[in-house]
1. Which one of GLY55, GLY19, GLY45 has the biggest mean-square fluctuation once the chain is modelled by GNM with Cα springs under 10 Å?
2. Using amide H atoms built 1.01 Å from N in the peptide plane, name the residues 5+ places from THR21, or on other chains, whose amide H lies under 5 Å from its own.
3. Carbon and sulfur atoms: what percent of the 1.4 Å accessible area of the chain do they account for?
4. Between ALA41 and LEU59, what is 0.36 nm times their sequence separation minus the Cα-Cα distance? Round to one decimal in nm.
5. Pairs of lysine in the chain with Cα under 13 Å and at least 8 positions apart or on different chains: total?
6. By how many nm would the segment from ILE51 to THR21 grow when fully extended, if each residue of separation counts as 0.36 nm and the alpha-carbon distance is taken off?
7. Express the relative contact order of the chain as a whole percentage, based on alpha carbon pairs under 8 Å and six or more residues apart in sequence.
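The values are calculated or read from the model by the stated rules, or taken from the named source; none is laboratory data. From a predicted model like this one, the values you see are computed outputs, not experimental measurements. Surface accessibility is based on the protein's heavy atoms, side chains included, excluding ligands, DNA and RNA. Shrake-Rupley method; radii C 1.70, N 1.55, O 1.52, S 1.80 Å.
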Amino acid sequence: MKKEKKDIVIELLKKNSDGLTVGEISELLKISRNTVAVALAELKGANLIRIRSVGMAKLNYWSNK
């Protein structure tokens, strides 16, 4: 079974504790920024990730609850 893009984003965020921007996730996974943004919005809605603004960038972190 093929993994959903959201699951792939989750795996990447779990491996990168320093946080990643939408652009970095998009580049690493070779998927569009829009697809990444949609996946992150779903994860944020489910309280699975944290987002921290650093200047103009927004870093996305896996939420370790």
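1. Highest fluctuation of the listed residues: GLY55.
2. ASN60
3. Here it works out to 52 percent.
4. On the way: separation 18, 0.36 × 18 = 6.48 nm, distance 1.31 nm.
Stretched fully, the ALA41-LEU59 segment lengthens by 5.2 nm.
5. The result is 5.
6. Full extension of this stretch gives 9.9 nm more.
7. 38
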